[in-house]
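Input: a single structure, listed below in structure tokens.
The values are calculated or read from the model by the stated rules, or taken from the named source; none is laboratory data. Every value quoted in this text rests on a predicted model; they were computed, and no experiment measured them. All Cβ positions, even for glycine, are placed from backbone atoms using ideal geometry, and neighbour counts span all protein chains on display. Surface areas here come from the heavy atoms of the whole protein model, side chains and all, with no ligands, DNA or RNA. Shrake-Rupley method; radii C 1.70, N 1.55, O 1.52, S 1.80 Å.
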Amino acid sequence: MSNQKTILITGGAGFIGTNLCEYFLQKEYKVVCLDNFATGHKRNIIPFLENKNFKLIEGDIRDSKTCIKAVENVEYVLHQAALGSVPRSIKDPSTTNEVNINGFLNMLIAAKDANVKRFVYAASSSTYGDSESLPKIEDTIGKPLSPYAITKYVNELYAEIFSKTYGIETIGLRYFNVFGRKQDPNGAYAAVIPKFVTQLINHESPIINGDGNYSRDFTYIDNVIQMNELAMLTQNPKAINTVYNTAFGDRTTLNDLMKFLKQYLSEFDTEISKIEVIHGPNRTGDIPHSLASIEKAKELLNYNPQYSFQDGLKEAVKWYWENLK
């Protein structure tokens, strides 16, 4: 039956969106990709363009008419479109708000009006804000530390209200530092792992913000794909209209991340092991430590992440080496 189902993936030319498009096309779903290529790339979806089950809509979620067009005959929405990055939101809070809140609301309304079966959306670990408790448990959050974090929390509030008021099924996935193949290493707001990998491959000294003891629950892309699929297809009534941490459930310091990167990349180029690392100032809006409890996802969605941080990092390093050289 799966090839009869149609999924809209917003932000489908971005890092996570591209991987979702690829995965569901392989499973013979019909996939509609909506992207304005502000942060995604056309090169990511070129392999899909000749697939009869793939449809590209080039457009912006800030335009309600585009959203209405995108949800036509769609059963599921996997909403990945957003302007990520804490620093970007601090520099330009207005645009982050327009895309992440106004655009999100446009998509929710369009999905509701089109009687979409379920709306699964990318939430964020940034919602935990200044809460110091570890591990992070879904029901315990603090105050947001950036405009970006505010927007992602507002998404959760809107989704909850739409579920209660209009009956649309929603599930939010609080992503924790996702990494893996096809993550863009370029640009001012590149994520830390592809940025470090690129610098090391080019024999440049990476800059770690702070003393390197900040820690993150780095989450490999295949675990995120698994969570999206489980959230989309679950038949457990207790599992819908809520949010889940989407992570592996372990934390790694930036210093250890660098150690592993140098170790794995040195298998391709021994000179990389000798590269010095520079420490800079801490970054505004950053939380010191992040570690997810994944017990809720295990219990209600039968989530079972297949890739540990180190297993995922080995895969990612291999992909970057093959694609950046």
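Miscellaneous remarks
- Filter pass, Ser205 being in contact with a helix residue (DSSP H, G or I) (Cβ under 8 Å, 6 or more places away or on another chain) and open to solvent by 10 Å² or more (accessible area, probe 1.4 Å): yes
- Residue within the range 266-283 that is among the charged types (D, E, K, R), open to solvent by 40 Å² or more (accessible area, probe 1.4 Å) and within 25 Å of Tyr175 (Cβ to Cβ) present: yes
- Yes/no for Ile61 being buried (at least 23 other Cβ atoms within 10 Å of the Cβ) and either touching a strand residue (DSSP E or B) at 6+ places or on another chain (Cβ under 8 Å) or not aromatic (Phe, Trp, Tyr) (or both): yes
- Within the range 201-260, if we keep just the residues that are of a type in the set (Lys, Arg) and out of contact with any Lys or Arg (no Cβ under 9 Å at 6 or more places or on another chain), the residue that is farthest from Pro288 (Cα to Cα) turns out to be Lys238.
- Just so you know, in the range 163-197 the residues that are open to solvent by less than 30 Å² (accessible area, probe 1.4 Å) and in a helix (DSSP H, G or I) include one that is nearest to Phe119 (Cα to Cα), and it is Ser163.
- The residue that is nearest to Asn209 (Cα to Cα), counting only those in the range 273-325 that are in a loop (DSSP other than H, G, I, E, B) and of a type in the set (Ser, Thr, Tyr), is Thr284.
- Condition broken by Phe54, with the remaining ones in (1) surrounded by fewer than 15 Cβ atoms within 10 Å (Cβ to Cβ); (2) touching a Phe, Trp or Tyr at 6+ places or on another chain (Cβ under 8 Å) satisfied: (1)
- Scanning the range 141-158 for residues that are over 19 Å from Ile61 (Cα atoms) and open to solvent by 70 Å² or more (accessible area, probe 1.4 Å) yields Lys143, Leu145.
- Per this entry, Ile137 is not counted among residues that are at pLDDT 95 or above, among the β-branched types (Val, Ile, Thr), closer than 24 Å to Asn19 by Cα and open to solvent by 10 Å² or more (accessible area, probe 1.4 Å).
- Helices (runs of 4 or more DSSP H) enclosed by the range 61-133 - at least 2 residues per element that are of a type outside the set (Val, Ile, Thr), on the phi < 0 side of the Ramachandran plot and in contact (Cβ under 8 Å) with a residue 60 or more places away in the chain: 86-91, 104-113
- Failed item, numbered, when Asp63 is tested on (1) over 19 Å from Ile171 (Cα atoms); (2) within 20 Å of the chain's Cα centre (by Cα); (3) modelled with pLDDT of 95 or more: (2)
- Residue count for the range 85-137, restricted to those that are more than 20 Å from Asn228 (Cα to Cα) and of a type in the set (Phe, Trp, Tyr): 1
- Here Tyr121 meets each of (1) open to solvent by less than 10 Å² (accessible area, probe 1.4 Å); (2) over 15 Å from Thr10 (Cβ atoms); (3) not hydrophobic (A, V, I, L, M, F, W, C) with one exception, condition (2).
- Cβ-Cβ under 6 Å pairs, at least 6 apart or on other chains, the range 7-18 side in contact (Cβ under 8 Å) with a residue 12 or more places away in the chain, far side of a type in the set (S, T, N, Q): Thr10/Gln80; Gly11/Gln80; Ala13/Asn44; Gly14/Thr39; Phe15/Gln183; Ile16/Gln80; Gly17/Gln80; Thr18/Asn44
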